[in-house]
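Asker: Before I ask anything, let me first share the structure, which is written out below as structure tokens.
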There are 4 protein chains.
Amino acid sequence: MKKVAILGASGYTGAELIRILLNHKKVEIAALCANSNASQKIEQLYPHLIHYNLPILQKVEEVDFSKIDVVFGCLPHTASQETFKKILDDKKNSHLKIIDLSADFRLENISDYEKWYEHEHAAPNLQPQAIYALPEIHRNKIKKHNLLANPGCYPTSALLPLIPLLQNKLIEISDIIIDAKSGTSGAGRVVKQGNLFCEVNESVRAYSIGKHRHIGEIEQELSKAAGEKINIDFTPHLLPINRGIISTIYVKIKSPFKLDDLKNCLETKYEDEFFVRVIDGDVNIKDVAGTNFCMMTVKASNVVGRAVIVSVIDNLCKGASTQAVQNMNILFGFDEKEGLEFAPIFP
Amino acid sequence: MKKVAILGASGYTGAELIRILLNHKKVEIAALCANSNASQKIEQLYPHLIHYNLPILQKVEEVDFSKIDVVFGCLPHTASQETFKKILDDKKNSHLKIIDLSADFRLENISDYEKWYEHEHAAPNLQPQAIYALPEIHRNKIKKHNLLANPGCYPTSALLPLIPLLQNKLIEISDIIIDAKSGTSGAGRVVKQGNLFCEVNESVRAYSIGKHRHIGEIEQELSKAAGEKINIDFTPHLLPINRGIISTIYVKIKSPFKLDDLKNCLETKYEDEFFVRVIDGDVNIKDVAGTNFCMMTVKASNVVGRAVIVSVIDNLCKGASTQAVQNMNILFGFDEKEGLEFAPIFP
Amino acid sequence: MKKVAILGASGYTGAELIRILLNHKKVEIAALCANSNASQKIEQLYPHLIHYNLPILQKVEEVDFSKIDVVFGCLPHTASQETFKKILDDKKNSHLKIIDLSADFRLENISDYEKWYEHEHAAPNLQPQAIYALPEIHRNKIKKHNLLANPGCYPTSALLPLIPLLQNKLIEISDIIIDAKSGTSGAGRVVKQGNLFCEVNESVRAYSIGKHRHIGEIEQELSKAAGEKINIDFTPHLLPINRGIISTIYVKIKSPFKLDDLKNCLETKYEDEFFVRVIDGDVNIKDVAGTNFCMMTVKASNVVGRAVIVSVIDNLCKGASTQAVQNMNILFGFDEKEGLEFAPIFP
Amino acid sequence: MKKVAILGASGYTGAELIRILLNHKKVEIAALCANSNASQKIEQLYPHLIHYNLPILQKVEEVDFSKIDVVFGCLPHTASQETFKKILDDKKNSHLKIIDLSADFRLENISDYEKWYEHEHAAPNLQPQAIYALPEIHRNKIKKHNLLANPGCYPTSALLPLIPLLQNKLIEISDIIIDAKSGTSGAGRVVKQGNLFCEVNESVRAYSIGKHRHIGEIEQELSKAAGEKINIDFTPHLLPINRGIISTIYVKIKSPFKLDDLKNCLETKYEDEFFVRVIDGDVNIKDVAGTNFCMMTVKASNVVGRAVIVSVIDNLCKGASTQAVQNMNILFGFDEKEGLEFAPIFP
């Protein structure tokens, strides 16, 4: 049994990792860290976890990482860089596999990080060891790395359909528009007015238009797929639901290709992937909520030469914690589906 | 006091008209029609209307329209054409002002109607008398007509920002993308699986991609504004809220204009309009729900030369019933705000 | 036009008063106070109020109350006592009519206040001038007072059905059980983890069991109605909706009375009341949300000799702000329905 | 691997059984029946099940039950009696274990069934073979039966706390009041106006007051526990959430017992039960949704000698499908937790 530590276990992605790992046959949760709640039981923060015999919450510095095999980082950005730098500076932790769910290691260029996060990078020497880890796309590279930058939620929903289309040069690299909508858990358990029930319920708003931090990450990966610099339009919206992202993506089909070429491309790319599915009907957030699945559909636009692709994922799962477990499965050579095959709760 | 009849009073837009007209100082509700519920009290369908002394539900054929001043049509499409044809065939009803909330008279070309609604037009002789009646845009023409085609909900949210920009040639006519999201009341009180609470709640889906009937109406009005044929990308989504539409609109700014030119154009156009407001912050469905207001914001895209416009309305209000009352106010020369000034219920 | 000041305009009940008073023909909003937001515009806190020309937010001490006719207090408890004491200590404010929406003046005995609110009463000399002001019950007394304690939300929903039954000695004074459920706006705009969207949504919890502060207020008024000391079981629940309270009340019918005697009693009591309605069908929060209405129904229990009464109100309206306006209408001799006749928004 | 057939697989409890059994290590789904959807794939009804290789939907009469080990019945009431009678009339099916999730075999007296369901019992000869199967209460009897009546959702939430208290004579048998609130999935996937999103959302209503069919079942089991006939007050409410029941139960403590005796009784009863947990804090539907857990809390009432017990379950899980699987585990001697240990999805 591999031993797992979760840093930042008090947040939603941390709690979600616990849920998933409790059902994973090849790992055990050896340490849960939450600095400001250290010495509490996890069920004081999350009563629904009372049924499991979980470790007491600790401070990060209390953990002996030499006895840990894999660390999941669910810390706020910059905290993640600082923490992992400190851990890896200790030689006896060099064996550690690290899967970081924050944005801290996702941007390959230090300057991109500093542009989008408006903060100096705290571990620039570590950055080159990190890899952007979207399993269906980077599986082979992932196996060879020990520091994985787990993709963001919005990026996952956009990259899974767009990367194969760009790699195969089926769509124009200009005029890619990603209209994304996320459940409120994407904001974490942060206590602020805009996240209050009465403010979110029965409403939707677009936010951070033209400047959301995930733009950097999406553009980086799309540009790599296309082999040239891509700029996208990306607008996130806040939905009055707990979980899930639906991304509606508008693209121009490259001549002489047709809609069916896009469909075929994605179907072929994902036909052997358990977690990604291209369907003919409409996709529905509900059909993937709580799981590692991504469902997508490719539709003709009303405008000649255009297509609309819609993808759905769960922001806390495929957009964070279950994808992190999928990455761990790859790292350790486990069955990639281990612990992740369960169906969504419907309704 | 002008006498009002509502046809199709059993649906949500009919009930909404009742709510609004109960507070209107210059009209009285003289007849409520709902053929399959004829002879029932409205509170048997809508218990919340028990406090008001409303007419018994009737069949359309039971109403003496010679005693009515204005009729609101809330019938399903095609039923509307047939019903108004029959009413207007009777000479003693020629004084009637008709505000039709269905789609039946919105498309100026009979062939467009038949293309989008896949049904023969049942009153082609009436069509030329009808006018597409978006008050802030067509106010002067509205005054001179007796048969108003009240705009659809999605179209209202898209046309209010786009028409002034196209009239002033500030944006490209190609590559206009409207990503729209609507509350479930847009589907009416129709009993079907897809509208069940458990199916809609905690989910969002895109539907009728590339083929929603409102595309015809939006393209017609945008083409008139631009003076040339426009094709748009339009994707509607179903939201787990009762009311409200948010439309996120992606446009290309025409050279040499800048974002501020778009902003100025809309601010100027709407500075004297009570119901339409351009703001700097993010717009929120909640801030207009239950009212005749439209709020919009114009933002820079991440992509040079592009802008994102977000508009919010209430689909049953500015997208249907309150807009119909606004139109009635124009028709009768009432203060256009009469009965419509109330603020949204927040939260 | 009477001049109104609202203290605590930044909270939900303050904003709700603004919504209502904007449509009231006999008053104007002369001052809005919100100490920590002083000098801001109200639309900075509530963008949906941007359409109205409202006074800038002020500190309480900046208001010249000699020019104000009526003050609505929407302050937290104890702040209310202190503030009104200070205002009334100034002789030139002795004309003021005060309607306090806090709990500060609801409990007639200082000791009851101190027991339930665990805080010394800051204005004990004012308390005797105050009256508990439930319009349908205390209308005549209200007219003669200048300091009204506007009832709490849960108490309003319970007292309207129970007081007439106790006054007429139709039910046992023991074994009264009030199982109440409230929308989340009852918690105000207070920023805390338990009110976050993700924590409230898709859940319900009972809280403050056996010790909610509204017990004191309910018991006081029921005891007065019965002429003897009454203890009740009261359990509040938090609902994942914005507005509304449903109280399910279990009572024992006093021999030799029958269910119909209860029904008749309530129907008779409320037959001339516009805002309170006894119906045969099931009551629904949605049918009163956003309004000053209370709907109730009286049903036979499965157990012989018992009845179940269900009442619904909107916690921010009949449970707070619209009831305060109804009280103001009584104080000034206006039509009691002025500004309050509008129907709920449905759906 | 035991072979499972699910009758009525098109409903929510059927789909829920599929979700659970997909993760169960000792059974395989051998047949899915849904007469009106026969020959369709389950993913045509439930797209979220597309990832699993499930049997085509069949008619019941097409199944060879001699090759099936256990049948879950998710049919409407009376259909269940008729169907199982027909199946068991065939001698080669006598080995079958049947777990019926309908109400058809829950009432021991035929006359009780006919009173509450207003319909003749279609399989009176089978009734004596059936046992009411609440695992934590009837575990030992369950092992010896082949026809299990799986308890109703509301009854499960009420019986788990009340049966031990009555068995130990700690509470009065009169004046037991159960105020229960359920998510909308309790109504099934039935298409009717009252279950539409817009009608349920932002509302709560009490329904079937004093006459809900689950009263018969609750009274039967409580009477058996107490050894004398018990009548209860039971009021169900419809909540705007997908899943979960919260039951708030009001009881009188029998002299000379105290609140702590109730607590101790329940803690002792359930200390070795994985799925039932007595906690000190408030219970929350969210903390059990999607799982087989029941959480309960015992609180002092404001009234001397009274207590309030609150319990939460998921209506489709512990109130239906996961409890059915728990019963199956008992029947086959599997680990009772097999397939059921997963944590709720939070948030």
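Asker: Looking at this structure, is C:Y117 surrounded by fewer than 23 Cβ atoms within 10 Å (Cβ to Cβ) and of a type in the set (F, W, Y)?
Answerer: Yes, satisfied.
Asker: Quick check on segment D:205-214: of everything there that is buried (at least 21 other Cβ atoms within 10 Å of the Cβ) and facing chain C (nearest Cβ under 8 Å), which residue is farthest from D:G244 (Cα to Cα)?
Answerer: D:I209
Asker: Now for a separate question. Can you tell which of C:V304, C:V308, C:V312, C:V288 is without any contact (Cβ under 8 Å) to a residue 12 or more places away in the chain and at negative phi?
Answerer: C:V304
Asker: Considering only segment D:308-321, I want to know if a residue exists there that is farther than 27 Å from D:N140 by Cα, open to solvent by 10 Å² or more (accessible area, probe 1.4 Å) and facing chain C (nearest Cβ under 10 Å).
Answerer: no
Asker: Among the residues of segment A:227-235, is any of a type in the set (A, V, I, L, M, F, W, C) and under 18 Å from the mean Cα position of the chain (by Cα)?
Answerer: Yes: one or more hits.
Asker: When the residues of segment D:232-246 are narrowed to those that are part of a loop (DSSP other than H, G, I, E, B) and of a type outside the set (S, T, N, Q), which ends up farthest from C:E199 (Cα to Cα)?
Answerer: Across segment D:232-246, the extreme among qualifying residues is D:I232.
Asker: Give the residue, chosen from B:I249, B:I218, B:I209, that is touching a residue at least 40 places away in the same chain (Cβ under 8 Å) and not in a strand (DSSP E or B).
Answerer: After ruling out the rest, the residue left standing is B:I218.
Asker: For segment A:277-290, what are the residues that are part of a loop (DSSP other than H, G, I, E, B), more than 26 Å from A:N195 (Cα to Cα) and open to solvent by 10 Å² or more (accessible area, probe 1.4 Å)?
Answerer: The answer is A:I279, A:D280, A:G281, A:D282.
Asker: Now for a separate question. Might you let me know whether segment C:254-262 holds any residue that is among the aromatic types (F, W, Y), in a loop (DSSP other than H, G, I, E, B) and buried (at least 22 other Cβ atoms within 10 Å of the Cβ)?
Answerer: No, every residue in segment C:254-262 fails to be among the aromatic types (F, W, Y), in a loop (DSSP other than H, G, I, E, B) and buried (at least 22 other Cβ atoms within 10 Å of the Cβ).
Asker: Mind checking whether some residue in segment B:131-149 is of a type in the set (G, A, S) and surrounded by fewer than 24 Cβ atoms within 10 Å (Cβ to Cβ)?
Answerer: For segment B:131-149, residues of a type in the set (G, A, S) and surrounded by fewer than 24 Cβ atoms within 10 Å (Cβ to Cβ): absent.
Asker: When you check B:I246 against the structure, is it buried (at least 24 other Cβ atoms within 10 Å of the Cβ), under 18 Å from A:I285 (Cβ atoms), within 11 Å of chain A (Cβ to nearest Cβ) and β-branched (V, I, T), yes or no?
Answerer: yes
Asker: Considering segment A:111-149 alone, what residues qualify as being within 19 Å of A:T83 (Cβ to Cβ) and assigned to a loop (DSSP other than H, G, I, E, B)?
Answerer: The answer is A:H119, A:E120, A:H121, A:A122, A:A123, A:P124, A:N125, A:L126, A:A133, A:H145, A:N146.
Asker: I would also like to ask the following. Search segment C:321-337 for residues being in contact with a Phe, Trp or Tyr (Cβ under 9 Å, 6 or more places away or on another chain) and outside any helix (DSSP H, G or I), and hand back the single one that is farthest from B:L21 (Cα to Cα).
Answerer: Per the stated criteria, the residue is C:E336.
Asker: To continue, here is another question. With B:F334, B:F293, B:F274 as the choices, which residue is closer than 28 Å to B:A5 by Cβ, within 13 Å of another protein chain (Cβ to nearest Cβ) and open to solvent by 10 Å² or more (accessible area, probe 1.4 Å)?
Answerer: None of the other options fit; the residue is B:F274.
Asker: Got a sec? Which of B:K263, B:K252, B:K258 is over 30 Å from B:N195 (Cα atoms) and either among the aromatic types (F, W, Y) or at the interface with chain A (Cβ under 9 Å from one of its Cβ atoms) (or both)?
Answerer: B:K252
Asker: Name the residue that is most open to solvent (accessible area, probe 1.4 Å), counting only residues in segment A:60-77 that are touching a residue at least 24 places away in the same chain (Cβ under 8 Å) and either closer than 30 Å to D:V278 by Cα or in a loop (DSSP other than H, G, I, E, B) (or both).
Answerer: Across segment A:60-77, the extreme among qualifying residues is A:P76.
Asker: A further question follows. Give the number of residues within segment A:170-199 that are part of a strand (DSSP E or B), within 12 Å of chain B (Cβ to nearest Cβ) and among the aliphatic types (A, V, I, L, M).
Answerer: Residues meeting the conditions: 4.
Asker: From the list C:E221, C:E202, C:E217, which residue is at positive phi and either touching a helix residue (DSSP H, G or I) at 6+ places or on another chain (Cβ under 8 Å) or more than 8 Å from chain D (Cβ to nearest Cβ) (or both)?
Answerer: Every option except C:E202 fails the conditions.
Asker: On the given criteria, is C:I99 surrounded by 19 or more Cβ atoms within 10 Å (Cβ to Cβ), over 21 Å from the mean Cα position of the chain (by Cα) and of a type outside the set (S, T, Y)?
Answerer: When the stated conditions are applied, C:I99 does not pass them.
Asker: Can you work out which of the residues in segment A:1-29 that are under 24 Å from D:N23 (Cα atoms) and away from chain D (no Cβ under 14 Å) is nearest to the chain's Cα centre (by Cα)?
Answerer: A:V4
Asker: For segment D:289-339, which positions are of a type in the set (A, V, I, L, M, F, W, C), in contact with a strand residue (DSSP E or B) (Cβ under 7 Å, 6 or more places away or on another chain) and more than 23 Å from D:K263 (Cβ to Cβ)?
Answerer: D:A324, D:M328, D:L331, D:F332, listed by residue number.
Asker: Oh, and also: Can you work out which of the residues in segment B:21-59 that are part of a strand (DSSP E or B) and under 30 Å from C:K25 (Cα atoms) is most open to solvent (accessible area, probe 1.4 Å)?
Answerer: Result: B:E28.
Asker: Name every residue in segment D:9-20 that is open to solvent by 10 Å² or more (accessible area, probe 1.4 Å) and either more than 25 Å from A:D282 (Cα to Cα) or not polar (S, T, N, Q) (or both), in order of residue number.
Answerer: The answer is D:G11, D:R19.
Asker: Show the residue pairs meeting these rules: Cβ distance below 9 Å; 6+ apart or different chains; first residue within segment B:78-92 and loosely packed, with under 14 Cβ neighbours inside 10 Å; second residue assigned to a helix (DSSP H, G or I).
Answerer: Correct list of pairs: B:D90/B:F65; B:D90/B:S66; B:K92/B:F65; B:K92/B:S66.
Asker: Here's a follow-up. If we scan segment A:150-160, do we find a residue that is hydroxyl-bearing (S, T, Y) and outside any helix (DSSP H, G or I)?
Answerer: No: segment A:150-160 contains no residue that is hydroxyl-bearing (S, T, Y) and outside any helix (DSSP H, G or I).
Asker: Which one of C:Y132, C:Y113 is in contact with a His (Cβ under 6 Å, 6 or more places away or on another chain) and either more than 21 Å from D:D282 (Cα to Cα) or within 12 Å of chain D (Cβ to nearest Cβ) (or both)?
Answerer: C:Y113
The values are calculated or read from the model by the stated rules, or taken from the named source; none is laboratory data. All values reported here derive from a predicted model rather than from experimental measurement. As a convention, Cβ positions derive from the backbone with ideal geometry for all residues, glycine included, and neighbour counts pool all protein chains shown. Calculation scope for accessible area: heavy atoms of the full protein, side chains included, ligands and nucleic acids excluded. Shrake-Rupley method; radii C 1.70, N 1.55, O 1.52, S 1.80 Å.
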